[in-house]
Amino acid sequence: MQPSFLKITRREGLGLGLALLSSIMYLSAPTSARAEFNLRIVQGTDVDTLDPAVSRSTPSQIVFNNIFNTLVRWKDTKLDEIVPDLAESWTKSEDGLRWTFKLRRGVKFHDGTPFDAEAVKFSLERILDPALGSPNRSLFTSISEVNAKNPETVEIVTKEPSPMLLEVLAEEYAGINSPTAVKKSGRAYARNPVGTGPYMLSEWVPAQQLVIKRNPDYAGTPGKPDKMTFRPVPEAEARVIELTTGNADIALNIPPEATEKVRRNAATAIVTEPSSFQIFFELNTTKPPFADPRVRLAINHAIDRKAIIEKILNGYGRVPDGIFPRGVQGRAPGQPPYAYDPDKASKMIAEVFPGGYNEPIVIWTPAGRYAKDKAVAETVQGYLNAIGLKTEFKVWEWATYQKTLYRPETGKGTGRGSNDANMWLLGTGVTNADWRLRRKFSSTDDSNLTGYKQPRIDELLAKASVDMNYTSRMQAYADVQKIVWNEAPNSLVLFDQVQLIGIAKGLKGLEVYGDEIIKLDQVTK
């Protein structure tokens, strides 16, 4: 029997998804001027920053991907080949420590500043500067030097061989910034970004809309839309209405119960894509009750994940059998899912707290960022109450939530050691095993918000980070995943997410990545 707090909704089968077509040239009648193409996107949350160095937010990355270029990039959504972007070519020394990149000529930033090796050096050293407080800094700490050999050649020197360097440089966080603009704007640069990309910032009114316009001087393939308008629409049903009434061309995070409505609308369709995203609660291991691993393991048995997927997500999800969903690099073979056994959970907690645990467990969640996030969090709250745990519940606006959680101080719970919460809802779609594990489980990583420390995991991650042998590196990652799953060290894994995106019919050229990033510059309709 399901607890009464779990609301039942109609279940729908998982759609086959919409095939994503390659982009075509936008055609207009030769006898009349072409109408301006404004691509309109509604997201569940607002952009929090347009500075790639300090962003951890997918809604922000979707926007600034159009503003910035990186030295190298992934060829396509398969994520199996790195190709040139601002770098034309690169070589690596025999000892694997020196990487030399030849840069494209004739590229300029949106403010007219020439792109050169000094700009690359400036951007990478800025991320590495502890004073910036970048939550992505740990991904770049293998770099010991960045040398501008001449305007068209930059050398990156690593402390040890770095098997992940090219993948790091292909990530959104490694976008190359205009040194002139950063120095001019200072702390306000996050609101005034200047890159070399196909689009440039036109207008940003927080909580209302953000507009980017096509860069007329872009050195690469021009973008198809004349401009893009991004609007935050936190209420899921409101996003559906915006799409189905023609006020939006793309609506992200369509609620599962609305998929049929979008399908039946003559002017809209649903894109159903597999995802590398997993939704979970992180657990503060620096204080009771989750300082004891037995309690962390116990609450994993208190949650009926299958019921959440079927009755809240309408079947759009998978019960996790590991800390990585399918499709993530280095995923270990499936682990046995945690059985739903509330009696077992209660007994395990009683072993730790014979008189019961009487302090409230403080639960934080965003609303509108992930699929049914607030409803899922409320359901988890109900499951914890059902095994006798008291709870307090707080709902956050996404941008404030991000800033609160990711204040940069390592190993102190929820940012700067405030320890205001016991558990907080997050998701990650990172497809790289090293980053995904290091960010969450390395005791020295700034993104480890939980204070978790396990010497064997630190040892395995340190070994893998410099291992140029793919097979042994993947084995180290597999070993970490098994330890994590068996000890339930610092998370309550809930479900592997399915991407549900609503689009206007006739939209072509949309690229959907497993980590929720979508590429928009070649979209036509």
Can you list the aspartates and glutamates whose alpha carbon sits under 16 Å from that of residue 108, skipping same-chain ones fewer than 8 residues off? 85, 88, 116, 118, 152, 217
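Among the listed pairs 306/344; 159/183; 183/440, give every one whose C-alpha distance is greater than 25 Å. It would help to have the intermediate numbers written out before the result.
Numbers: 306/344 18 Å; 159/183 28 Å; 183/440 33 Å.
Over 25 Å apart, Cα to Cα: 159/183; 183/440.
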Just name one of 466, 455, 483: the one whose Cα is farthest towards the positive end of the charge dipole of the stretch 445-485 (beta-carbon charges, Lys/Arg +1, Asp/Glu -1). 483
Sum -39500 (n - 2.57) across every DSSP H segment of at least 4 residues in the chain, then divide by the residue count to get the 222 nm mean residue ellipticity, nearest 500. -7000 deg cm²/dmol
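Diagonalise the Cα gyration tensor of the stretch 34-126 and give the resulting equivalent ellipsoid semi-axes, square root of 5 times each eigenvalue, largest first, whole Å. Each step should come with its number before you reach the end.
Values: eigenvalues 158, 60, 49 Å².
Its equivalent ellipsoid spans semi-axes of 28, 17, 16 Å.
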Name the shape class, rounded, prolate or oblate, that the alpha-carbon gyration tensor gives for the chain, where a ≥ b ≥ c are the square roots of its eigenvalues, rounded holds for a/c under 1.5, and otherwise prolate holds if a/b is larger than b/c and oblate otherwise. oblate
Net charge of neighbours whose Cβ lies under 10 Å from the Cβ of residue 44, counting Lys and Arg as +1 and Asp and Glu as -1: -1
In whole Å, what are the Cα extents of the stretch 278-497 along the three principal axes, biggest one first? 48, 38, 38
Work out the charge dipole of the stretch 278-366 with +1 on the Cβ of Lys and Arg and -1 on the Cβ of Asp and Glu about the Cα centre, then indicate which of 278, 295, 363 is farthest towards its positive end. 278
Cross-link partners among lysines for residue 394, C-alpha distance below 22 Å, same-chain residues fewer than 8 apart left out? 7, 287, 372, 374, 403, 412
Quick one: compute the contact order of the chain, relative version, from alpha carbon pairs under 8 angstrom and 6+ residues apart, as a percent. 22
Where nothing but the Cβ of Lys and Arg (+1) and of Asp and Glu (-1) is charged, how large is the charge dipole of the stretch 278-497 around its Cα centre, in debye to the nearest 20? 260
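For the chain, what is the charge dipole size about the Cα centre, in debye to the nearest 20, if Lys and Arg each add +1 at the Cβ and Asp and Glu each add -1 at the Cβ? Please list the in-between numbers first.
Working: 66 positive and 62 negative charges, 142 e Å.
So the dipole magnitude of the chain works out to roughly 680 debye.
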Along the positive direction of the dipole of the chain (beta-carbon charges: Lys, Arg +1; Asp, Glu -1; about the Cα centre), which of 143, 60, 507 reaches farthest? 507
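Just list whichever of 75/519; 121/149; 92/121; 213/505 have alpha carbons separated by over 20 Å in the model shown.
Values: 75/519 12 Å; 121/149 10 Å; 92/121 18 Å; 213/505 23 Å.
Checking Cα-Cα distances, 213/505 exceed 20 Å.
Read-outs throughout are calculated quantities, based only on the coordinates presented, and are distinct from any laboratory measurement. Since we're looking at a predicted model, the values are computed, not measured. Don't worry about glycine lacking a Cβ; one is built from the backbone with ideal geometry, like all the others, and counts go over all protein chains shown.
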